[in-house]
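Before any comments, here is the structure.
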Amino acid sequence: MKLEICFLYNDLLNIYGDRGNIITLTQRSRWREIEVNVTNISVGNRIDPSKYDLYFFGGGQDKEQYAVADDLKGEKSAALRQAVEQGAVFLSVCGGYQLLGHYYRPDDGPELTGVGLLDAHTVAGSKRLIGNVIVQTEWGTLVAFENHSGKTYLGSQARPLGKSEVGYGNNAEDGFEGAVQGNVFGCYLHGSLLPKNPTFTDHLLKLALQRRYGPVELSPLDDSLEWAAHNAAIQRARDTR
Amino acid sequence: MRQTLAIATGKTLLEILHRTGRGGTAFPGLVASKMDPHILRALTARLPSGSAMVIGTNGKTTTTRLVATILTKAGIKIANNRSGSNLIRGLTSTLLAQASLKGRLQADMGLFEVDEAAFPQAQLEIAPRLILLNNLFRDQLDRYGEVDTVRRRWAETIKKLIPGTTLVLNADDPSLAYLATLAPAGVKAVFFGLDSPANTLPVLAHATDAAKCIICGADLVYDAIYISHMGHYACPTGHFSRPVPDFVAREIKLDGTNGSRFELQTPTGPLSLELGVPGLYNVYNATGAAAATLTLGIAAQHIQAGLADFKSAFGRIERIALSDNRHLLLALVKNPVGFNEVLRMLTTEPGNQLKLLVAINDLYADGRDVSWLWDVDFEQLAGRVEWVRTAGLRAPDMANRLKYAGLAPELLNWEIDLTTALRQAIDRLPSGQTLYVTPTYTAMLQLREILQKMGLVVPFWEE
């Protein structure tokens with residue numbers, strides 16, 4: 001089997017160690033003898049919507065986010081929408097999550113238009129929401145770290161990724177974290193997210209492989225270290241919040 | 001009256017803390033500056049030779065100590081914050097400890113290491129005659145914010161500097177070269193940098209922040225990359241390029257974890273320098289310290305003596321003797337660039353496969369977000385490691401990171417408790433060999449305390 005991953009704006013949106021997600025998707029595939037290819041797509045590069053099974057879209061600084069929003073207008077947005085129609089899986093974190101929604105409205109300055117793959121919008125908040133988080137989802141408990149000031153609100157087409165047990169979540173108001181719409185996932189979960197949440201990682205891998213191969217089963221891995229990291233992080237989240 | 005009372009209270013608190021054997025350095029300064037918000041200004045204004053300040057993400061403690069050692073060699077009496085307490089309250093405590101009850105200091109000059117976030121306020125209060133800017137990297141995003149945010153904050157301070165101030169800047173860091181262009185007329189900019197074809201990196205590392213033109217956003221073009229985004233760069237459309245440095249380190253010879261030697265080209269001729277601390281990043285620190293002190297008018301012989309005699313700042317790089325001709329090398333890690341440079345130094349160390357203890361805490365001073373571990377290129381350890389033990393509050397996270405970096409799980413072991421982890425690591429260390437220990441800040445403090453109980457190191461406030 002073969003998996004094609006597209007790392008969106010890896011050179012611009014790569015803070016908070018989000019590359020850990022790419023490393024994890026790659027290694028967990030290779031350990032199962034699934035061939036993996038990661039393609040970096042940034043400003044000015046074209047996207048072939050039929051090529052990639054899984055897209056990762058991370059977080060960045062404000063200035064870079066403007067550059068990315070600008071580049072996403074027109075052709076690239078259309079390509080991403082086509083990719084979703086063809087069954088591609090998206091994982092977006094923080095800035096990437098905001099840009100997959102309809103728009104981001106800053107305090108001052110022009111509104112950033114998003115791709116609209118998620119029925120969600122984000123407005124700038126006055127407080128930075130920082131800390132360890134625990135989220136209860138249908139793929140089990142996720143443990144991570146949030147650091148954002150944008151507040152995201154979901155429309156009727158998207159459902160939350162999960163319920164915040166510890167942490168502020170999407171907007172520090174409704175108690176929910178992230179968004180899911182079809183195969184498009186968005187969240188504020190750094191940490192990195194995937195290395196210590198292996199059940200969720202494998203769910204994304206299965207969804208992505210399904211595009212080419214139909215329903216697949218993944219061979220089990222020894223995840224004792226992943227779960228040790230997961231449990232220690234949960235303990236820290238409970239101790240610190 | 002208010003000032004006198006603030007000084008008296010601060011000094012009394014310092015005395016009590018010292019007598020009860022606690023090394024806490026910031027608290028008395030915090031209390032005194034609550035009582036008199038301009039206490040720092042009042043204390044530093046009385047220093048006859050003014051003050052100098054060191055700012056940067058990495059290496060500021062070491063650089064400050066290098067400058068202090070050189071100034072002391074030159075017979076200048078300095079007031080400085082030695083224990084790495086670099087927020088406003090720490091600076092205040094430092095000066096209180098050295099001031100008389102009337103607020104007089106027994107020093108010629110102030111020398112301060114200042115936290116990135118405290119720079120604007122510290123600059124206003126202290127009004128230093130010289131500011132040494134080392135580098136700007138991503139660091140503890142939950143505390144400092146993004147690199148752009150820090151650079152903007154620094155830019156505001158630089159724009160308001162008073163004429164007569166001297167900036168000593170690392171020309172190899174694009175952010176700092178850009179900041180120098182913002183300084184008002186009458187502020188002098190002195191640059192230092194490296195010229196060392198033998199020590200370049202083939203490509204920009206993953207965790208690189210400032211490799212784009214700050215004006216147009218284009219990717220900078222590099223002739224040489226030394227550390228992260230530091231090197232010889234230019235904007236492809238000509239917006240800006242590396243300034244020609246006044247002080248250049250050349251002919252750099254690195255000697256593993258022992259030290260290095262290099263030649264410093266200066267406006268008045270070359271200087272041959274020997275440095276007692278290892279790694280290319282310390283060559284940067286030493287070059288900055290030499291450029292700053294030469295600019296202050298210190299004679300070359302004191303610079304040579306100061307760099308050669310220098311003992312590392314506590315925990316930054318420390319070699320501790322164990323029984324059986326074994327050693328422990330402690331190297332502080334704080335952020336991706338710093339960790340990458342430590343790994344680069346360890347993997348070029350000749351000899352056996354590495355035995356490592358990586359201690360990661362996630363307390364406030366460490367950065368509560370451990371995401372940064374995924375920005376460090378641990379992949380370079382593959383094939384160079386005999387075993388790694390991870391320790392601290394995020395020991396399993398760290399072990400998991402190493403697993404995903406391609407290290408075989410059977411080489412990895414984790415243990416949250418630092419005492420147990422350290423004991424076990426020392427027990428496993430064969431005679432004549434070195435255990436390399438890379439802790440985050442609070443893990444380093446704890447490990448030092450454990451080593452102190454074992455009778456191996458002295459408490460840092462006695463140094």
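Here the condition is being over 16 Å from the mean Cα position of the chain (by Cα) and within 11 Å of chain A (Cβ to nearest Cβ); of B:Glu379, B:Glu349, it holds for B:Glu379 alone. Using the structure shown, decide if A:Asp71 is of a type in the set (D, E, K, R) and more than 14 Å from every other protein chain (Cβ to nearest Cβ). Against the criterion (of a type in the set (D, E, K, R) and more than 14 Å from every other protein chain (Cβ to nearest Cβ)), A:Asp71 does not qualify. The residues listed here are A:Asp239, A:Asp223; of these, the one that is of a type in the set (Asp, Glu), surrounded by fewer than 14 Cβ atoms within 10 Å (Cβ to Cβ) and within 11 Å of chain B (Cβ to nearest Cβ) is A:Asp239.
Within segment B:382-403, being at the interface with chain A (Cβ under 8 Å from one of its Cβ atoms) and either within 27 Å of the chain's Cα centre (by Cα) or surrounded by 24 or more Cβ atoms within 10 Å (Cβ to Cβ) (or both) holds for B:Leu393, B:Arg394, B:Ala395, B:Pro396, B:Asp397, B:Ala399, B:Asn400, B:Arg401.
Could you tell me whether segment A:48-58 includes any residue that is in a loop (DSSP other than H, G, I, E, B), free of Cβ contacts under 8 Å to residues at least 60 places away in the same chain, within 14 Å of another protein chain (Cβ to nearest Cβ) and under 16 Å from the mean Cα position of the chain (by Cα)? Within segment A:48-58 (the criterion being in a loop (DSSP other than H, G, I, E, B), free of Cβ contacts under 8 Å to residues at least 60 places away in the same chain, within 14 Å of another protein chain (Cβ to nearest Cβ) and under 16 Å from the mean Cα position of the chain (by Cα)), the answer is yes, since at least one residue qualifies.
For segment A:84-132, residues that are outside any loop (DSSP other than H, G, I, E, B), more than 16 Å from the chain's Cα centre (by Cα) and not charged (D, E, K, R) total 12.
Where strands (runs of 3 or more DSSP E) sit wholly within segment A:138-235, those with at least 2 residues that are within 14 Å of the chain's Cα centre (by Cα) occupy A:140-154, A:179-181, A:184-187. Within the option set B:Phe247, B:Phe240, being more than 30 Å from B:Leu354 (Cβ to Cβ), away from chain A (no Cβ under 14 Å) and crowded, with 20+ Cβ neighbours inside 10 Å holds for one residue only, B:Phe247.
Does B:Ala305 satisfy being part of a strand (DSSP E or B) and surrounded by fewer than 23 Cβ atoms within 10 Å (Cβ to Cβ)?
Numbers: part of a strand (DSSP E or B): no; surrounded by fewer than 23 Cβ atoms within 10 Å (Cβ to Cβ): yes.
Against the criterion (part of a strand (DSSP E or B) and surrounded by fewer than 23 Cβ atoms within 10 Å (Cβ to Cβ)), B:Ala305 does not qualify.
Residue count for segment B:182-227 under the criterion of being touching a Phe, Trp or Tyr at 6+ places or on another chain (Cβ under 6 Å) and within 14 Å of chain A (Cβ to nearest Cβ): the result is 2.
Only one entry in B:Arg129, B:Arg138, B:Arg82 is at pLDDT below 90 and either surrounded by fewer than 21 Cβ atoms within 10 Å (Cβ to Cβ) or over 30 Å from B:Phe339 (Cα atoms) (or both), namely B:Arg82.
Note on segment A:140-173: among residues that are in contact with a Phe, Trp or Tyr (Cβ under 8 Å, 6 or more places away or on another chain) and surrounded by fewer than 16 Cβ atoms within 10 Å (Cβ to Cβ), the one that is nearest to the other protein chains (Cβ to nearest Cβ) is A:Gly140.
The values are calculated or read from the model by the stated rules, or taken from the named source; none is laboratory data. Since we're looking at a predicted model, the values are computed, not measured. Cβ atoms come from the backbone with ideal geometry, glycine included; neighbour counts cover every protein chain shown.
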